[in-house]
Each structure stands twice: as structure tokens, then as C-alpha cells.
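The values are calculated or read from the model by the stated rules, or taken from the named source; none is laboratory data. Not measured: the values here are computed from a predicted model. All Cβ positions, glycine included, derive from the backbone under ideal geometry; neighbour counts span all protein chains shown.
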Amino acid sequence: MRKSIDKRNTGRIRTPHILVEYKLKGTDALFKVELVNVSSGGMCFLRNSVVAKNDILVIRFPFKSSKVILEAQVLRIDGREVGVKFTSPEEEIGRFVDSFNYEYASLASQAKDRQQPLLFSKKTDDDDMDPDRMLEID
């Protein structure tokens, strides 16, 4: 039995049926993949192409409100699952978080039912935060 050690600094959100596009940095081939989960620090997706640990990916998110493209480094490959860490500057990751929260609002009722928060750009120590307040978007 394999034991997993979670090294993430930010919580992740399961994201069924959300698709993103990526390519290896410096190449033109574009791949559309399904996200497994996402956080403000990185994401996991189901690959449909060959990637290797430490590859740098350019990821485009399908937001209607703004164009968001982030770079990420492949940290983990487990079967079809690929875990990446965002390596873009903090300002760009902040734009991603804002866009994700804005777009994800349409799914907030489902997240509320699961008591699942939106993404936050910084880890909070307030573990007892009211789930209704977590879903508020300023």
C-alpha cells in the first residue's frame, strides 16, 4: 500500500468536467484535458499525451471574463494523473484566482452543498470559517 504525503500549502477543489488546454513550453501542439482538482498553488489533470517530470507547461483556462494563461512545472505523474505547480508570477496567479472565483460562482450552490470553498490566493488559519461566508464574492 502506497502512503501519500500531502505537501500542498493551499487547499484544492475538485473540478469535474472542467477542461483546460495546455502545451509544452516551446512547442505548438495543444492538448485539451480534464481537471481533477485545482488550487491557487497548482492543479491535477488527466493527461492524454506524453509529459515528463519537470516539464514546463503553458496552461490556458477557459474563462469568459478574462484570458488567463499560467506556466506550471510537472511535479508528479501517477498513471494518467499529472500534478503541476504554478510557476507564474504571483500577480498572474492572483488574476487566475480572481477569474476562477468569478466564473465558479455559477457553481457555488453545488460547492455550498459540499461545503467546498472557492480558491484563495493565501492560506488562511481560520479553519472554522462559516461556509456561507466562504462563498461570498466581493
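Say we look at the stretch 58-101 and pick out the residues that are closer than 12 Å to SER40 by Cβ and among the basic types (Lys, Arg); which of these is modelled with the lowest pLDDT?
Top of the filtered list is ARG95.
Could you run through the stretch 90-103 and say how many residues are without any contact (Cβ under 8 Å) to a residue 60 or more places away in the chain, crowded, with 16+ Cβ neighbours inside 10 Å and aromatic (Phe, Trp, Tyr)?
Here the count works out to 1.
For residues in the stretch 12-30 being crowded, with 17+ Cβ neighbours inside 10 Å and not in a loop (DSSP other than H, G, I, E, B), which is farthest from the chain's Cα centre (by Cα)?
Let us first name the residues in the stretch 12-30 that are crowded, with 17+ Cβ neighbours inside 10 Å, namely 12-13, 15, 18, 20, 22, 24.
Within this subset, residues satisfying the condition of being not in a loop (DSSP other than H, G, I, E, B) are 13, 20, 22, 24.
On the way: ILE13: 8, VAL20: 10, TYR22: 13, LEU24: 17 Å.
Restricting to residues being crowded, with 17+ Cβ neighbours inside 10 Å and not in a loop (DSSP other than H, G, I, E, B), the top hit is LEU24.
(1) modelled with pLDDT under 95; (2) within 23 Å of GLU92 (Cβ to Cβ): which one isn't true of LYS25, the others all being true?
All conditions are met except number (1).
Could you list all residues from the stretch 49-89 that are of a type outside the set (Gly, Ala, Ser), part of a loop (DSSP other than H, G, I, E, B) and free of Cβ contacts under 8 Å to residues at least 24 places away in the same chain?
Within the stretch 49-89, VAL50, ASN54, LYS67, PRO89 meet the criteria.
Quick one: what pairs do we get from the stretch 8-27, first residue under 22 Å from ASN54 (Cα atoms), second modelled with pLDDT under 80 and exposed (fewer than 14 other Cβ atoms within 10 Å of the Cβ), C-beta under 7 Å, 6+ apart or different chains?
Once the first residue is under 22 Å from ASN54 (Cα atoms) and sits in the stretch 8-27, its partners that are modelled with pLDDT under 80 and exposed (fewer than 14 other Cβ atoms within 10 Å of the Cβ) give ASN9/LYS123; THR10/LYS123.
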